[in-house]
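The values are calculated or read from the model by the stated rules, or taken from the named source; none is laboratory data. None of these values were measured; they are calculated from a predicted model. Note: ideal-geometry Cβ built from the backbone for every residue, glycine included; neighbour counts use all protein chains shown.
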Amino acid sequence: MEQHAFELRHGLRLLVGRAPHAGTCCVAVFVRWGSANESARGNGIGHVLEHMAFKGTEVAGPGGLPRLRDARQVNLEAERLGAEVNAHTDKDHTAFYMRGLPQHAERMLRMLAEIVLHPSLPAAELERERQVLLQEFAEDEDDPVATAFKLLDKASFGLHPAAQPVMGTRRNLERFTREDLVAHRAAGYLAGQVVVGVTGDVAPAAIERVVEDAFAALPPGAVAPVQEPSWRGEILTRSLVGSSQSHLALAFPVPSRRSDDPVAAVAAAVLGEGMSSPLLHHVREQRGLAYYTACSADVLDMCGQFVVEASMAPADAEPLVREVMALMREHAERAAPQELERARSQLAVRALRSRERGLRWLEDLALEWLATGRLRDEQHRVARVQAVSAEQVRSLFERMVLSPPALALTGAVGRGMRDRLRQALAATGR
């Protein structure tokens, strides 16, 4: 993939990954404006706006008269090209994207620009979509995994906006108005907040001309970055009716994406990437304490969490925490060279795989560019991971185990479990 980067008017940025042999094309718009940018009263409005962007558009037509497209026309225009249209909201950004054929790249860019820049946000559609969102909210509340991660954010960051759920609150969803959506969009959809991305068999210079024209209506400006939260390190539990199993999420603080530090990703791969990793080998294969467990470095613009999660029988929650803490302390004393070699290789393969998944490649680079102001080529990114030393990994584990961990347990939660989990976190051995 040939990487091309352009800085356009008013701070708008364009990233093009030219892939001459790719059969499909991906176009995307990334806005540095997510749930962490919302007030408590406005929490969830970005997710509503993301849904409503596809409910119709309004642009100036011939003679200055407005040209309106309803939701069906917006979708039909894309589907006539065989293109897929979608979007998602996260804590630090919102993304809109389309996948289709390379020969339709310029047309898809103009369609996406219309959806992002000129949504009509009809009030009648908002009332209908509100019911869909409330049903989605209810389903999310019943999900032990989703609930665990929402609790984990509160246990990690307290009342900071980084702990707010992307979906917001039921009370907020019930009262947002069209005027609220318009104001939220105007506050954050600014040229300096946006990266447009394209991958596929495309001509970068031609794409640049189209983006300059199609996104010309983006107003100039940028928003001050969200302040990084302080780490809380609490234990929160929630029993869910009907659950016979438990889901646990355990987190430690790591640097945010702004720090531009690859060590946390390497450390997560060292501990829990693959079936031979210490986490899966000890917790799942040797002791059978969980039927699912994983480890990741969840790094966002303003914060970072080193997360171990697991699904298990309720009786296994306490011994699982003891096992994980023992592994963390072992790695704080020594990072085995063979584990580091495995982790580096797995991360290198993951980076190469992202090239084959256009949206993932675009999103990784766009968010790095927005957070750090830097954009590296793939070779440089892989080289930085390969340069991470065993001492750097060991030192990060040491800092993590000296911090109070954040823990969330949901599903089947027994009486007195919070105290037992606190004791398990403090235990010094297996």
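Descriptive notes on the structure:
Rundown of residues vs (1) under 30 Å from ALA187 (Cα atoms); (2) buried (at least 20 other Cβ atoms within 10 Å of the Cβ); (3) in the same structural domain as CYS25 (by TED's automatic domain parsing), yes/no style:
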site	(1), (2), (3)
THR199	yes, yes, yes
ALA203	no, no, yes
ILE207	yes, yes, yes
VAL210	yes, yes, yes
PRO220	yes, no, no
PRO225	yes, no, no
GLU228	yes, no, no
LEU240	no, no, no
SER246	no, yes, no
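- Yes/no for ALA28 being assigned by TED's automatic domain parsing to the domain that holds PHE176, buried (at least 23 other Cβ atoms within 10 Å of the Cβ), part of a helix (DSSP H, G or I) and in contact (Cβ under 8 Å) with a residue 12 or more places away in the chain: no
- Screening segment 357-372 for residues that are touching a Ser or Thr at 6+ places or on another chain (Cβ under 8 Å), more than 13 Å from MET98 (Cα to Cα) and among the hydrophobic types (A, V, I, L, M, F, W, C) and picking the one that is surrounded by the most Cβ atoms within 10 Å (Cβ to Cβ) gives TRP361.
- Considering segment 376-430, the residues that are among the acidic types (Asp, Glu) and assigned to a helix (DSSP H, G or I) include one that is nearest to ALA313 (Cα to Cα), namely ASP419.
- Tallying residues that are over 22 Å from ALA60 (Cα atoms) and crowded, with 22+ Cβ neighbours inside 10 Å within segment 98-126 yields 3.
- Segment 345-374, residues that are modelled with pLDDT of 90 or more and outside any helix (DSSP H, G or I): GLY373, ARG374
- Filter result (in contact (Cβ under 8 Å) with a residue 40 or more places away in the chain and not in a strand (DSSP E or B)) within segment 81-102: ASP90, LYS91, ASP92, HIS93, LEU101, PRO102
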